[in-house]
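The values are calculated or read from the model by the stated rules, or taken from the named source; none is laboratory data. None of these values were measured; they are calculated from a predicted model. Ideal geometry is used to build each Cβ from the backbone, glycine not excepted, and the neighbour counts take in all protein chains shown.
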Amino acid sequence: MTQTWVQIAYLASAVLFIVGLKNLSSPRTAPRGNGIAAIGMLVAVVATLVSAGVLDWEWMLAGVIVGSGLGTLAARRVKMTAMPEMVALLNGFGGAASALVAAAVLEDHVAKGVPPVDVVAIATVLGTLIGAVTFTGSLVAFAKLAERMPTAPITYPGQQVVNALIALGITVLCVILAVDPLQLDLYWGLMAAALVLGVLVVIPIGGADMPVVIALLNSYSGLAACATGFVLGNSGLVISGSLVGASGIILSKIMCDAMNRSLANVLFGAFGSAPAASAASSGPQGTVKGYTPEDAAVIFSNASSCIVVPGYGMAVAQAQHAVRDLGDLLEAKGIRVRFAIHPVAGRMPGHMNVLLAEANVPYDRLVEMDEINPEFPATDVALVIGANDVVNPSARSEEGSPIYGMPILDVDRAQHVFVIKRSMNPGFAGVQNPLFFNDNTMMIFGDAKSVVLQLVEAIKAY
Ligand code: NAP
(Lines give C-alpha, C1' and ligand atoms only; values in the text may rest on other atoms or scores of the structure.)
Protein backbone atom coordinates (compact mmCIF):
# COMPACT_ATOMS: atom_id res chain seq x y z
CA MET A 1 0.00 0.00 0.00
CA THR A 2 2.76 2.45 1.03
CA GLN A 3 4.65 1.69 -2.18
CA THR A 4 1.58 2.65 -4.25
CA TRP A 5 1.40 6.00 -2.45
CA VAL A 6 5.11 6.50 -2.94
CA GLN A 7 4.73 5.96 -6.69
CA ILE A 8 1.75 8.35 -6.79
CA ALA A 9 3.84 10.93 -4.90
CA TYR A 10 6.68 10.53 -7.45
CA LEU A 11 4.17 11.03 -10.24
CA ALA A 12 2.85 14.18 -8.55
CA SER A 13 6.37 15.51 -8.11
CA ALA A 14 7.11 14.82 -11.81
CA VAL A 15 4.03 16.87 -12.76
CA LEU A 16 5.17 19.69 -10.45
CA PHE A 17 8.66 19.61 -12.03
CA ILE A 18 7.17 19.89 -15.53
CA VAL A 19 4.84 22.75 -14.55
CA GLY A 20 7.83 24.42 -12.82
CA LEU A 21 9.97 24.08 -15.95
CA LYS A 22 7.19 25.56 -18.09
CA ASN A 23 7.05 28.58 -15.79
CA LEU A 24 10.83 29.03 -16.02
CA SER A 25 10.47 29.94 -19.70
CA SER A 26 9.68 33.60 -18.89
CA PRO A 27 11.41 35.91 -16.37
CA ARG A 28 7.99 37.04 -15.15
CA THR A 29 6.86 33.52 -14.15
CA ALA A 30 10.30 32.09 -13.28
CA PRO A 31 10.15 32.73 -9.49
CA ARG A 32 6.78 30.92 -9.37
CA GLY A 33 8.26 28.07 -11.47
CA ASN A 34 11.13 27.73 -9.00
CA GLY A 35 8.69 27.54 -6.09
CA ILE A 36 6.51 24.91 -7.80
CA ALA A 37 9.54 22.75 -8.68
CA ALA A 38 10.84 23.10 -5.09
CA ILE A 39 7.49 21.80 -3.77
CA GLY A 40 7.84 18.89 -6.25
CA MET A 41 11.28 18.14 -4.79
CA LEU A 42 9.90 18.26 -1.24
CA VAL A 43 7.14 15.79 -2.19
CA ALA A 44 9.76 13.47 -3.77
CA VAL A 45 12.06 13.68 -0.72
CA VAL A 46 9.21 12.93 1.72
CA ALA A 47 8.03 10.03 -0.47
CA THR A 48 11.56 8.59 -0.46
CA LEU A 49 11.81 8.96 3.31
CA VAL A 50 8.61 6.99 3.94
CA SER A 51 9.35 4.33 1.30
CA ALA A 52 10.89 0.93 2.12
CA GLY A 53 13.46 1.18 4.89
CA VAL A 54 16.49 1.77 2.73
CA LEU A 55 17.39 4.91 4.62
CA ASP A 56 19.01 5.69 7.86
CA TRP A 57 17.05 8.60 9.38
CA GLU A 58 19.99 10.02 11.32
CA TRP A 59 22.19 10.21 8.24
CA MET A 60 19.33 11.71 6.23
CA LEU A 61 18.69 14.37 8.86
CA ALA A 62 22.39 15.21 9.07
CA GLY A 63 22.49 15.50 5.25
CA VAL A 64 19.43 17.75 5.17
CA ILE A 65 20.83 20.05 7.89
CA VAL A 66 24.34 20.32 6.45
CA GLY A 67 23.12 20.51 2.82
CA SER A 68 20.42 23.11 3.35
CA GLY A 69 22.71 25.12 5.65
CA LEU A 70 25.49 25.31 3.08
CA GLY A 71 23.01 25.83 0.22
CA THR A 72 21.24 28.72 1.98
CA LEU A 73 24.54 30.36 2.85
CA ALA A 74 25.92 30.03 -0.70
CA ALA A 75 22.69 31.23 -2.34
CA ARG A 76 22.50 34.30 -0.09
CA ARG A 77 26.15 35.25 -0.59
CA VAL A 78 26.54 34.65 -4.31
CA LYS A 79 26.44 37.72 -6.55
CA MET A 80 23.94 37.67 -9.44
CA THR A 81 26.84 37.82 -11.89
CA ALA A 82 28.55 34.80 -10.28
CA MET A 83 25.48 32.61 -10.75
CA PRO A 84 27.01 30.52 -13.60
CA GLU A 85 29.93 29.59 -11.30
CA MET A 86 27.51 28.46 -8.63
CA VAL A 87 25.48 26.44 -11.15
CA ALA A 88 28.72 24.82 -12.32
CA LEU A 89 29.55 23.72 -8.77
CA LEU A 90 26.01 22.44 -8.16
CA ASN A 91 26.15 20.39 -11.38
CA GLY A 92 29.51 18.99 -10.33
CA PHE A 93 28.26 17.94 -6.90
CA GLY A 94 25.18 16.36 -8.52
CA GLY A 95 27.45 14.32 -10.79
CA ALA A 96 29.71 13.32 -7.88
CA ALA A 97 26.70 12.24 -5.79
CA SER A 98 25.42 10.02 -8.63
CA ALA A 99 28.83 8.40 -9.11
CA LEU A 100 29.24 7.80 -5.35
CA VAL A 101 25.78 6.22 -5.00
CA ALA A 102 26.55 3.91 -7.95
CA ALA A 103 29.89 2.98 -6.29
CA ALA A 104 28.22 2.29 -2.93
CA VAL A 105 25.60 0.03 -4.53
CA LEU A 106 28.29 -1.89 -6.41
CA GLU A 107 30.41 -2.26 -3.25
CA ASP A 108 27.33 -3.73 -1.58
CA HIS A 109 26.89 -6.28 -4.36
CA VAL A 110 30.58 -7.20 -4.21
CA ALA A 111 30.39 -7.65 -0.41
CA LYS A 112 27.42 -10.01 -0.83
CA GLY A 113 29.02 -11.72 -3.83
CA VAL A 114 25.77 -11.27 -5.79
CA PRO A 115 26.06 -9.52 -9.17
CA PRO A 116 23.38 -6.92 -9.96
CA VAL A 117 20.86 -7.66 -12.71
CA ASP A 118 21.87 -6.46 -16.19
CA VAL A 119 19.96 -3.18 -16.19
CA VAL A 120 21.43 -2.20 -12.80
CA ALA A 121 24.95 -3.20 -13.94
CA ILE A 122 24.66 -1.01 -17.04
CA ALA A 123 23.15 1.88 -15.06
CA THR A 124 25.95 1.60 -12.44
CA VAL A 125 28.61 1.89 -15.13
CA LEU A 126 26.85 4.79 -16.89
CA GLY A 127 26.06 6.64 -13.65
CA THR A 128 29.71 6.38 -12.62
CA LEU A 129 31.06 7.47 -16.01
CA ILE A 130 28.73 10.42 -16.57
CA GLY A 131 28.78 11.48 -12.92
CA ALA A 132 32.60 11.50 -12.70
CA VAL A 133 33.04 13.38 -16.01
CA THR A 134 30.44 15.90 -14.85
CA PHE A 135 32.20 16.36 -11.50
CA THR A 136 35.70 17.22 -12.75
CA GLY A 137 34.43 18.95 -15.92
CA SER A 138 32.26 21.23 -13.77
CA LEU A 139 35.16 22.00 -11.43
CA VAL A 140 37.26 23.12 -14.42
CA ALA A 141 34.31 25.15 -15.77
CA PHE A 142 33.95 26.78 -12.34
CA ALA A 143 37.68 27.55 -12.14
CA LYS A 144 37.68 29.09 -15.63
CA LEU A 145 34.60 31.23 -14.99
CA ALA A 146 35.93 32.40 -11.63
CA GLU A 147 39.30 33.06 -13.31
CA ARG A 148 41.06 30.74 -10.86
CA MET A 149 42.79 29.14 -13.85
CA PRO A 150 43.65 30.50 -17.34
CA THR A 151 40.41 31.20 -19.20
CA ALA A 152 41.99 30.81 -22.66
CA PRO A 153 41.65 27.38 -24.31
CA ILE A 154 44.48 25.06 -23.20
CA THR A 155 45.51 23.10 -26.28
CA TYR A 156 48.47 20.89 -27.23
CA PRO A 157 49.37 18.82 -30.29
CA GLY A 158 47.52 15.50 -30.49
CA GLN A 159 45.01 16.59 -27.84
CA GLN A 160 41.98 15.11 -29.62
CA VAL A 161 43.87 11.82 -30.14
CA VAL A 162 44.73 11.60 -26.42
CA ASN A 163 41.09 12.29 -25.50
CA ALA A 164 39.85 9.75 -28.05
CA LEU A 165 42.23 7.07 -26.69
CA ILE A 166 41.05 7.65 -23.11
CA ALA A 167 37.44 7.55 -24.32
CA LEU A 168 38.18 4.26 -26.10
CA GLY A 169 39.77 2.78 -22.95
CA ILE A 170 36.71 3.89 -20.95
CA THR A 171 34.36 2.26 -23.47
CA VAL A 172 36.24 -1.03 -23.15
CA LEU A 173 36.07 -0.86 -19.33
CA CYS A 174 32.34 -0.05 -19.49
CA VAL A 175 31.61 -3.08 -21.67
CA ILE A 176 33.66 -5.43 -19.44
CA LEU A 177 32.01 -4.12 -16.28
CA ALA A 178 28.50 -4.25 -17.75
CA VAL A 179 29.03 -7.96 -18.51
CA ASP A 180 30.93 -8.80 -15.30
CA PRO A 181 30.26 -6.02 -12.75
CA LEU A 182 31.92 -7.50 -9.65
CA GLN A 183 35.48 -6.48 -10.62
CA LEU A 184 36.13 -3.63 -8.21
CA ASP A 185 39.68 -2.89 -9.43
CA LEU A 186 38.43 -2.29 -12.96
CA TYR A 187 35.52 -0.28 -11.58
CA TRP A 188 37.82 2.15 -9.73
CA GLY A 189 39.98 2.31 -12.87
CA LEU A 190 36.87 3.42 -14.77
CA MET A 191 36.10 6.02 -12.12
CA ALA A 192 39.67 7.42 -12.27
CA ALA A 193 39.73 7.51 -16.09
CA ALA A 194 36.35 9.29 -16.18
CA LEU A 195 37.58 11.90 -13.66
CA VAL A 196 40.63 12.57 -15.87
CA LEU A 197 38.48 12.74 -19.03
CA GLY A 198 36.23 15.38 -17.41
CA VAL A 199 39.26 17.66 -16.97
CA LEU A 200 40.71 16.98 -20.42
CA VAL A 201 37.53 17.67 -22.38
CA VAL A 202 36.86 21.03 -20.71
CA ILE A 203 40.37 22.60 -20.64
CA PRO A 204 40.46 23.22 -24.45
CA ILE A 205 37.24 25.27 -24.27
CA GLY A 206 37.59 29.04 -23.86
CA GLY A 207 36.23 30.75 -20.72
CA ALA A 208 33.61 32.71 -22.69
CA ASP A 209 32.10 29.46 -24.01
CA MET A 210 31.75 28.11 -20.47
CA PRO A 211 28.02 29.01 -20.17
CA VAL A 212 27.27 26.56 -23.01
CA VAL A 213 29.50 23.93 -21.38
CA ILE A 214 27.73 24.46 -18.06
CA ALA A 215 24.32 23.97 -19.70
CA LEU A 216 25.69 20.75 -21.23
CA LEU A 217 27.19 19.55 -17.93
CA ASN A 218 23.85 20.34 -16.30
CA SER A 219 22.31 17.97 -18.80
CA TYR A 220 24.97 15.33 -17.96
CA SER A 221 24.30 15.67 -14.23
CA GLY A 222 20.61 14.93 -15.01
CA LEU A 223 21.55 11.86 -17.06
CA ALA A 224 23.82 10.65 -14.24
CA ALA A 225 20.95 11.08 -11.76
CA CYS A 226 18.64 9.21 -14.15
CA ALA A 227 21.12 6.30 -14.32
CA THR A 228 21.32 6.34 -10.50
CA GLY A 229 17.50 6.15 -10.46
CA PHE A 230 17.78 2.83 -12.31
CA VAL A 231 20.53 1.66 -9.92
CA LEU A 232 18.29 2.37 -6.92
CA GLY A 233 15.02 1.44 -8.62
CA ASN A 234 13.72 4.94 -7.83
CA SER A 235 11.27 6.20 -10.48
CA GLY A 236 11.27 9.76 -9.03
CA LEU A 237 14.99 10.03 -9.69
CA VAL A 238 14.63 8.53 -13.18
CA ILE A 239 11.96 11.11 -14.12
CA SER A 240 13.64 14.17 -12.57
CA GLY A 241 17.03 13.14 -13.98
CA SER A 242 15.55 12.81 -17.48
CA LEU A 243 13.91 16.25 -17.18
CA VAL A 244 17.22 17.85 -16.19
CA GLY A 245 19.00 15.94 -18.96
CA ALA A 246 16.50 17.08 -21.59
CA SER A 247 16.24 20.71 -20.47
CA GLY A 248 20.04 21.07 -20.25
CA ILE A 249 20.55 19.83 -23.78
CA ILE A 250 17.72 22.06 -25.09
CA LEU A 251 19.31 25.09 -23.40
CA SER A 252 22.74 24.22 -24.91
CA LYS A 253 21.09 23.99 -28.35
CA ILE A 254 19.26 27.33 -27.92
CA MET A 255 22.54 29.03 -26.94
CA CYS A 256 24.46 27.50 -29.86
CA ASP A 257 21.72 28.50 -32.33
CA ALA A 258 21.69 32.05 -31.00
CA MET A 259 25.47 32.23 -31.59
CA ASN A 260 25.11 30.42 -34.93
CA ARG A 261 27.66 27.85 -33.78
CA SER A 262 27.38 24.10 -33.63
CA LEU A 263 27.82 22.29 -30.33
CA ALA A 264 30.82 20.52 -31.91
CA ASN A 265 32.40 23.91 -32.67
CA VAL A 266 31.93 25.01 -29.05
CA LEU A 267 33.34 21.74 -27.67
CA PHE A 268 36.22 21.17 -30.09
CA GLY A 269 36.74 24.56 -31.81
CA ALA A 270 38.99 26.11 -29.08
CA PHE A 271 37.13 29.39 -29.77
CA GLY A 272 38.97 32.37 -28.31
CA SER A 273 42.50 30.99 -28.67
CA ALA A 274 43.38 33.43 -31.50
CA PRO A 275 44.13 37.01 -30.42
CA ALA A 276 40.99 39.08 -31.02
CA ALA A 277 42.84 42.12 -32.27
CA SER A 278 44.16 40.40 -35.40
CA ALA A 279 40.64 39.51 -36.50
CA ALA A 280 39.47 43.01 -35.69
CA SER A 281 42.12 44.78 -37.72
CA SER A 282 41.12 42.83 -40.83
CA GLY A 283 37.49 43.98 -40.53
CA PRO A 284 35.83 47.12 -41.92
CA GLN A 285 37.70 50.39 -41.36
CA GLY A 286 36.63 54.02 -41.73
CA THR A 287 35.87 57.14 -39.78
CA VAL A 288 33.70 57.14 -36.72
CA LYS A 289 31.86 60.10 -35.23
CA GLY A 290 32.68 60.69 -31.57
CA TYR A 291 29.90 62.44 -29.61
CA THR A 292 29.79 63.76 -26.07
CA PRO A 293 26.87 63.03 -23.70
CA GLU A 294 25.91 66.72 -24.03
CA ASP A 295 25.66 66.38 -27.87
CA ALA A 296 23.58 63.25 -27.42
CA ALA A 297 21.24 64.97 -24.96
CA VAL A 298 20.05 67.29 -27.77
CA ILE A 299 18.96 64.35 -29.93
CA PHE A 300 17.37 62.53 -26.98
CA SER A 301 15.38 65.59 -26.03
CA ASN A 302 13.84 65.72 -29.51
CA ALA A 303 13.09 62.00 -29.71
CA SER A 304 9.76 60.31 -29.11
CA SER A 305 10.98 56.69 -28.97
CA CYS A 306 14.13 54.94 -27.79
CA ILE A 307 15.24 51.31 -27.75
CA VAL A 308 18.03 50.52 -25.31
CA VAL A 309 20.26 47.58 -26.29
CA PRO A 310 22.35 46.35 -23.36
CA GLY A 311 25.30 44.00 -23.81
CA TYR A 312 28.28 42.53 -22.01
CA GLY A 313 29.81 46.00 -21.40
CA MET A 314 26.82 47.00 -19.26
CA ALA A 315 27.55 43.98 -17.06
CA VAL A 316 31.28 44.82 -16.87
CA ALA A 317 30.54 48.43 -15.91
CA GLN A 318 27.67 47.38 -13.58
CA ALA A 319 25.71 50.16 -15.25
CA GLN A 320 22.25 48.62 -14.88
CA HIS A 321 21.03 50.99 -12.14
CA ALA A 322 22.23 54.04 -14.09
CA VAL A 323 20.51 52.60 -17.19
CA ARG A 324 17.26 52.22 -15.26
CA ASP A 325 17.53 55.86 -14.11
CA LEU A 326 18.11 56.95 -17.71
CA GLY A 327 15.05 54.97 -18.86
CA ASP A 328 12.90 56.55 -16.11
CA LEU A 329 14.12 60.03 -17.03
CA LEU A 330 13.36 59.56 -20.74
CA GLU A 331 9.90 58.21 -19.91
CA ALA A 332 9.26 61.18 -17.67
CA LYS A 333 10.04 63.35 -20.70
CA GLY A 334 7.37 61.50 -22.70
CA ILE A 335 9.77 59.28 -24.69
CA ARG A 336 8.67 55.67 -25.20
CA VAL A 337 11.49 53.44 -23.86
CA ARG A 338 11.98 49.71 -24.39
CA PHE A 339 14.90 47.37 -23.74
CA ALA A 340 15.83 44.93 -26.52
CA ILE A 341 17.07 41.58 -25.24
CA HIS A 342 19.28 39.41 -27.44
CA PRO A 343 19.32 35.75 -26.31
CA VAL A 344 23.13 35.65 -26.01
CA ALA A 345 23.89 39.25 -24.99
CA GLY A 346 26.41 39.17 -22.15
CA ARG A 347 28.06 35.94 -21.09
CA MET A 348 25.30 33.74 -19.68
CA PRO A 349 21.71 32.90 -20.57
CA GLY A 350 19.39 35.61 -19.31
CA HIS A 351 22.37 37.82 -18.33
CA MET A 352 20.65 41.07 -19.35
CA ASN A 353 17.30 40.02 -17.85
CA VAL A 354 19.00 39.30 -14.53
CA LEU A 355 20.85 42.63 -14.42
CA LEU A 356 17.85 44.72 -15.47
CA ALA A 357 15.60 42.85 -13.03
CA GLU A 358 18.16 43.59 -10.28
CA ALA A 359 17.79 47.29 -11.18
CA ASN A 360 13.97 46.95 -11.05
CA VAL A 361 13.35 47.64 -14.73
CA PRO A 362 9.72 46.48 -15.23
CA TYR A 363 9.44 43.20 -17.17
CA ASP A 364 7.01 44.72 -19.67
CA ARG A 365 9.76 47.03 -20.96
CA LEU A 366 11.98 44.06 -21.90
CA VAL A 367 11.29 42.90 -25.45
CA GLU A 368 12.76 39.80 -27.10
CA MET A 369 14.74 40.08 -30.35
CA ASP A 370 12.11 38.77 -32.78
CA GLU A 371 9.47 41.06 -31.39
CA ILE A 372 11.55 44.25 -31.27
CA ASN A 373 13.38 43.95 -34.62
CA PRO A 374 10.48 45.18 -36.81
CA GLU A 375 10.25 48.26 -34.53
CA PHE A 376 13.73 49.67 -35.19
CA PRO A 377 12.97 51.53 -38.49
CA ALA A 378 10.26 53.58 -36.76
CA THR A 379 12.44 54.28 -33.70
CA ASP A 380 14.17 57.64 -33.22
CA VAL A 381 17.11 56.47 -31.12
CA ALA A 382 18.73 53.08 -30.60
CA LEU A 383 21.07 53.31 -27.59
CA VAL A 384 23.63 50.49 -27.58
CA ILE A 385 25.25 50.12 -24.15
CA GLY A 386 28.30 47.85 -24.15
CA ALA A 387 26.91 45.54 -26.85
CA ASN A 388 28.89 44.66 -29.95
CA ASP A 389 28.49 41.22 -31.58
CA VAL A 390 24.72 41.14 -31.02
CA VAL A 391 24.33 44.34 -33.10
CA ASN A 392 26.95 43.56 -35.77
CA PRO A 393 25.29 43.81 -39.24
CA SER A 394 28.06 41.75 -40.87
CA ALA A 395 26.31 38.72 -39.31
CA ARG A 396 23.68 39.27 -42.01
CA SER A 397 25.91 39.56 -45.05
CA GLU A 398 29.57 38.69 -44.48
CA GLU A 399 30.02 35.02 -45.29
CA GLY A 400 33.16 33.73 -43.60
CA SER A 401 32.75 36.00 -40.57
CA PRO A 402 32.75 33.98 -37.30
CA ILE A 403 29.31 35.43 -36.57
CA TYR A 404 27.84 35.01 -40.08
CA GLY A 405 24.23 33.81 -39.74
CA MET A 406 23.89 34.77 -36.08
CA PRO A 407 20.54 36.55 -35.59
CA ILE A 408 21.18 40.17 -34.50
CA LEU A 409 19.27 43.16 -33.20
CA ASP A 410 18.67 45.47 -36.21
CA VAL A 411 19.81 48.69 -34.50
CA ASP A 412 21.37 50.01 -37.73
CA ARG A 413 17.83 50.44 -39.07
CA ALA A 414 16.89 53.01 -36.38
CA GLN A 415 16.95 56.75 -37.25
CA HIS A 416 19.87 57.51 -34.91
CA VAL A 417 22.21 55.05 -33.21
CA PHE A 418 24.34 55.85 -30.16
CA VAL A 419 26.97 53.31 -29.15
CA ILE A 420 28.55 53.52 -25.70
CA LYS A 421 31.84 51.62 -25.36
CA ARG A 422 35.37 52.42 -24.27
CA SER A 423 37.32 51.94 -27.50
CA MET A 424 37.13 50.41 -30.97
CA ASN A 425 38.01 47.00 -29.53
CA PRO A 426 35.92 44.10 -30.79
CA GLY A 427 33.61 41.98 -28.64
CA PHE A 428 33.64 38.28 -27.82
CA ALA A 429 33.81 37.07 -31.45
CA GLY A 430 36.87 39.25 -32.15
CA VAL A 431 35.45 40.90 -35.29
CA GLN A 432 35.16 44.59 -36.09
CA ASN A 433 31.66 46.04 -36.35
CA PRO A 434 30.66 48.04 -39.50
CA LEU A 435 27.79 49.56 -37.48
CA PHE A 436 30.29 51.95 -35.86
CA PHE A 437 31.17 53.49 -39.27
CA ASN A 438 27.57 54.04 -40.45
CA ASP A 439 26.34 57.59 -41.20
CA ASN A 440 23.60 57.35 -38.57
CA THR A 441 25.89 55.96 -35.84
CA MET A 442 27.43 58.17 -33.15
CA MET A 443 29.98 56.74 -30.73
CA ILE A 444 30.18 57.93 -27.13
CA PHE A 445 33.46 56.55 -25.84
CA GLY A 446 33.84 55.77 -22.16
CA ASP A 447 32.88 53.39 -19.39
CA ALA A 448 29.18 52.53 -19.73
CA LYS A 449 28.24 53.52 -16.19
CA SER A 450 29.98 56.89 -16.20
CA VAL A 451 28.72 57.77 -19.71
CA VAL A 452 25.12 56.89 -18.81
CA LEU A 453 25.36 58.95 -15.61
CA GLN A 454 26.72 61.90 -17.64
CA LEU A 455 23.93 61.44 -20.17
CA VAL A 456 21.34 61.58 -17.39
CA GLU A 457 22.82 64.84 -16.11
CA ALA A 458 23.05 66.31 -19.63
CA ILE A 459 19.41 65.45 -20.45
CA LYS A 460 18.26 66.91 -17.12
CA ALA A 461 20.21 70.08 -17.82
CA TYR A 462 19.02 70.45 -21.43
P1 NAP B 1 30.42 41.62 -26.90
O2 NAP B 1 30.24 41.37 -28.35
O3 NAP B 1 31.34 40.74 -26.14
O4 NAP B 1 30.87 43.14 -26.77
C5 NAP B 1 30.92 43.77 -25.53
C6 NAP B 1 31.47 45.15 -25.73
O7 NAP B 1 31.38 45.80 -24.48
C8 NAP B 1 32.93 45.17 -26.14
O9 NAP B 1 33.08 45.48 -27.50
C10 NAP B 1 33.57 46.19 -25.20
O11 NAP B 1 34.17 47.23 -25.98
C12 NAP B 1 32.40 46.77 -24.43
N13 NAP B 1 32.72 46.98 -23.03
C14 NAP B 1 33.39 46.17 -22.18
N15 NAP B 1 33.48 46.75 -20.97
C16 NAP B 1 32.86 47.94 -21.07
C17 NAP B 1 32.64 49.00 -20.16
N18 NAP B 1 33.08 48.97 -18.89
N19 NAP B 1 31.95 50.08 -20.58
C20 NAP B 1 31.51 50.16 -21.85
N21 NAP B 1 31.71 49.19 -22.76
C22 NAP B 1 32.37 48.08 -22.36
O23 NAP B 1 29.03 41.58 -26.12
P24 NAP B 1 27.56 41.31 -26.62
O25 NAP B 1 27.20 42.22 -27.76
O26 NAP B 1 26.72 41.31 -25.39
O27 NAP B 1 27.63 39.85 -27.24
C28 NAP B 1 27.81 38.69 -26.43
C29 NAP B 1 28.82 37.79 -27.06
O30 NAP B 1 29.15 36.76 -26.12
C31 NAP B 1 28.29 37.11 -28.31
O32 NAP B 1 29.32 36.93 -29.25
C33 NAP B 1 27.82 35.76 -27.76
O34 NAP B 1 27.81 34.77 -28.76
C35 NAP B 1 28.89 35.49 -26.71
N36 NAP B 1 28.45 34.52 -25.69
C37 NAP B 1 27.30 34.74 -25.01
C38 NAP B 1 26.87 33.81 -24.08
C39 NAP B 1 25.57 34.00 -23.35
O40 NAP B 1 25.05 33.03 -22.81
N41 NAP B 1 25.05 35.20 -23.26
C42 NAP B 1 27.62 32.67 -23.80
C43 NAP B 1 28.82 32.51 -24.50
C44 NAP B 1 29.22 33.44 -25.44
P45 NAP B 1 35.34 48.14 -25.35
O46 NAP B 1 36.38 47.20 -24.85
O47 NAP B 1 35.75 49.01 -26.46
O48 NAP B 1 34.70 48.92 -24.22
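Can you name the number of the only condition in (1) outside any loop (DSSP other than H, G, I, E, B); (2) more than 9 Å from the ligand (Cβ to nearest atom) that Gly400 fails?
(1)
Has region 127-138 got at least one residue that is of a type in the set (A, V, I, L, M), surrounded by fewer than 24 Cβ atoms within 10 Å (Cβ to Cβ) and in contact (Cβ under 8 Å) with a residue 60 or more places away in the chain?
Checked region 127-138: no residue is of a type in the set (A, V, I, L, M), surrounded by fewer than 24 Cβ atoms within 10 Å (Cβ to Cβ) and in contact (Cβ under 8 Å) with a residue 60 or more places away in the chain.
What number of residues within region 61-94 satisfy the criterion of being among the polar types (S, T, N, Q) and surrounded by 12 or more Cβ atoms within 10 Å (Cβ to Cβ)?
2
State yes or no: is Val367 β-branched (Val, Ile, Thr) and within 12 Å of the ligand (Cβ to nearest atom)?
Criteria not met by Val367.
For Val196, state whether it is among the hydrophobic types (A, V, I, L, M, F, W, C) and over 23 Å from Met86 (Cα atoms).
no
Which of (1) over 17 Å from Val381 (Cβ atoms); (2) in contact with an Asp or Glu (Cβ under 7 Å, 6 or more places away or on another chain) does Val337 not meet, given it meets every other one?
(1)
For region 416-462, how many residues are of a type in the set (Val, Ile, Thr) and assigned to a loop (DSSP other than H, G, I, E, B)?
Total satisfying the criteria: 1.
Does Ala88 count as touching a helix residue (DSSP H, G or I) at 6+ places or on another chain (Cβ under 6 Å), within 30 Å of Ala315 (Cβ to Cβ), part of a helix (DSSP H, G or I) and in the same structural domain as Ala193 (by TED's automatic domain parsing)?
Judged against the criteria, Ala88 is a match.
Can you pull out the residues in region 69-81 that are under 28 Å from His351 (Cβ atoms) and either over 27 Å from the mean Cα position of the chain (by Cα) or not β-branched (Val, Ile, Thr) (or both)?
Leu70, Gly71, Leu73, Ala74, Ala75, Arg76, Arg77, Lys79, Met80 - these are the residues of region 69-81 that are under 28 Å from His351 (Cβ atoms) and either over 27 Å from the mean Cα position of the chain (by Cα) or not β-branched (Val, Ile, Thr) (or both).
Residue check, Val161 against (1) surrounded by fewer than 16 Cβ atoms within 10 Å (Cβ to Cβ); (2) within 30 Å of Pro115 (Cα to Cα); (3) β-branched (Val, Ile, Thr), all met but one. Which one?
Status for Val161: all satisfied but (2).
Out of curiosity, is Gly386 surrounded by fewer than 19 Cβ atoms within 10 Å (Cβ to Cβ) and within 16 Å of the ligand (Cβ to nearest atom)?
Criteria not met by Gly386.
Could you give me the residue pairs with C-beta distances under 7 Å whose first residue belongs to region 329-352 and is on the phi > 0 side of the Ramachandran plot and touching a residue at least 12 places away in the same chain (Cβ under 8 Å), whose second residue is within 11 Å of the ligand (Cβ to nearest atom) and not aliphatic (A, V, I, L, M) wherever it lies, and which are 6+ apart or on separate chains?
Sorted first by the residue in region 329-352, then by its partner, the pairs are Gly346/Gly311; Gly346/Tyr312.
Show the residue pairs that are 6+ apart or on different chains and have beta-carbon atoms under 8 Å apart, the first residue being within region 414-442 and touching a residue at least 24 places away in the same chain (Cβ under 8 Å) and more than 9 Å from the ligand (Cβ to nearest atom), the second being part of a loop (DSSP other than H, G, I, E, B) and of a type in the set (Asp, Glu).
Taking only residues 6 or more apart or on different chains, the pairs are Ala414/Asp380; Gln415/Asp380; His416/Asp380.
Of all residues in region 327-347, count the ones that are within 15 Å of the ligand (Cβ to nearest atom), crowded, with 22+ Cβ neighbours inside 10 Å and not aromatic (Phe, Trp, Tyr).
6
Has region 122-141 got any residue that is more than 16 Å from the ligand (Cβ to nearest atom) and over 29 Å from the mean Cα position of the chain (by Cα)?
Yes: one or more hits.
I'm trying to understand the selection: among the residues of region 229-267, which are of a type outside the set (A, V, I, L, M) and either within 16 Å of the ligand (Cβ to nearest atom) or assigned by TED's automatic domain parsing to the domain that holds Asn388 (or both)?
Result: Ser247, Gly248, Ser252, Lys253, Cys256, Asp257, Asn260, Arg261, Ser262, Asn265.
Tell me yes or no: at least one residue of region 309-323 is β-branched (Val, Ile, Thr), within 8 Å of the ligand (Cβ to nearest atom), buried (at least 18 other Cβ atoms within 10 Å of the Cβ) and within 27 Å of Met83 (Cα to Cα).
Within region 309-323 (the criterion being β-branched (Val, Ile, Thr), within 8 Å of the ligand (Cβ to nearest atom), buried (at least 18 other Cβ atoms within 10 Å of the Cβ) and within 27 Å of Met83 (Cα to Cα)), the answer is no, since none of the residues qualifies.
Quick one: count up the residues across region 417-435 that are crowded, with 18+ Cβ neighbours inside 10 Å, at pLDDT 95 or above and closer than 20 Å to Ala317 by Cα.
4
Given the conditions (1) closer than 16 Å to Pro343 by Cα; (2) among the polar types (S, T, N, Q); (3) crowded, with 21+ Cβ neighbours inside 10 Å, which single one is not true for Thr441?
Among (1) closer than 16 Å to Pro343 by Cα; (2) among the polar types (S, T, N, Q); (3) crowded, with 21+ Cβ neighbours inside 10 Å, Thr441 violates only (1).
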